[in-house]
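Here is the structure we will look at, set down as structure tokens.
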Amino acid sequence: MNKISGIAHVWAFSAVPAPRECFGIELKHGDNAAPWFQGRIFEPDSKQYSILGVPAQSPPPVHACMVSEHERPTFYDIYVAEYTSEGPILKICALNVERHSGSGDAIELSLEGSFNESPMHLSNVAFAQRLKLTTTKMLAGNHAQRHLEKYAPGCVNSDGIVCLGIAFIE
């Protein structure tokens, strides 16, 4: 599997239900009320990728002694598609990626090791073994809206925060 490394632009949604279909596949996910996110990754060689994170379909169990009642981890299934002349093509999936609690509106994600068995509906997709997304700057208000108008013209109902940062997937 190829590595993807670049600048990430990610925005979250909480008032809009997560999509059930994207990149030509059915998205199976968990808690429909949980926030979800989408965005883009820009590599230095000008390749662009779409990133979509929906609540994990089968999050791992978390033992109560490992977290506080106010900071439970949230897990996402992440889908990454490469933009091509034919449109976006799903390339990579990462299941049960942890969104770090305590980071407020910033989107901080990590995965070390992955799901070894691909679900049947994703049998032709590579599965990431490592994923890291770190927010280094956040845009809000008019700055966020102008950013979304430029990079996601059809985006509506965003929570008004855009997270800019670094993404690495392998």
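The values are calculated or read from the model by the stated rules, or taken from the named source; none is laboratory data. No experiment lies behind these values; they were computed from the predicted model shown. As a convention, Cβ positions derive from the backbone with ideal geometry for all residues, glycine included, and neighbour counts pool all protein chains shown. Just so you know, the surface numbers come from the protein's heavy atoms only, side chains and all, with ligands and any DNA or RNA stripped out. Shrake-Rupley method; radii C 1.70, N 1.55, O 1.52, S 1.80 Å.
For segment 76-110, give me the residue count where each residue is within 15 Å of the chain's Cα centre (by Cα) and in a strand (DSSP E or B).
The number of residues fulfilling the criteria is 19.
To keep it simple, each residue is scored yes or no on (1) closer than 17 Å to residue 23 by Cα; (2) open to solvent by 60 Å² or more (accessible area, probe 1.4 Å); (3) in contact with a Phe, Trp or Tyr (Cβ under 7 Å, 6 or more places away or on another chain); (4) modelled with pLDDT of 85 or more.
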residue: 53; (1), (2), (3), (4): yes, no, yes, yes
residue: 59; (1), (2), (3), (4): no, yes, yes, no
residue: 63; (1), (2), (3), (4): no, yes, no, no
residue: 66; (1), (2), (3), (4): no, yes, no, no
residue: 72; (1), (2), (3), (4): no, yes, no, no
residue: 80; (1), (2), (3), (4): yes, no, yes, yes
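Please give the number of the condition residue 132 fails out of (1) open to solvent by 90 Å² or more (accessible area, probe 1.4 Å); (2) within 15 Å of the chain's Cα centre (by Cα); (3) at pLDDT below 85.
So the condition that residue 132 fails would be (3).
Could you please find all residues in segment 82-112 being in contact with a Lys or Arg (Cβ under 8 Å, 6 or more places away or on another chain), within 17 Å of residue 165 (Cα to Cα) and not β-branched (Val, Ile, Thr)?
108, 109, 110, 111
Those residues that are loosely packed, with under 15 Cβ neighbours inside 10 Å, at pLDDT 90 or above and not in a strand (DSSP E or B), I need them from segment 1-44; list them, please.
Matches in segment 1-44: 44 only.
Looking only at segment 49-75, count how many residues are of a type outside the set (Gly, Ala, Ser) and part of a helix (DSSP H, G or I).
Residues that pass the stated criteria total 2.
Give the residue, chosen from 124, 116, 157, 142, that is farther than 25 Å from residue 56 by Cβ and either open to solvent by 90 Å² or more (accessible area, probe 1.4 Å) or modelled with pLDDT of 90 or more (or both).
142
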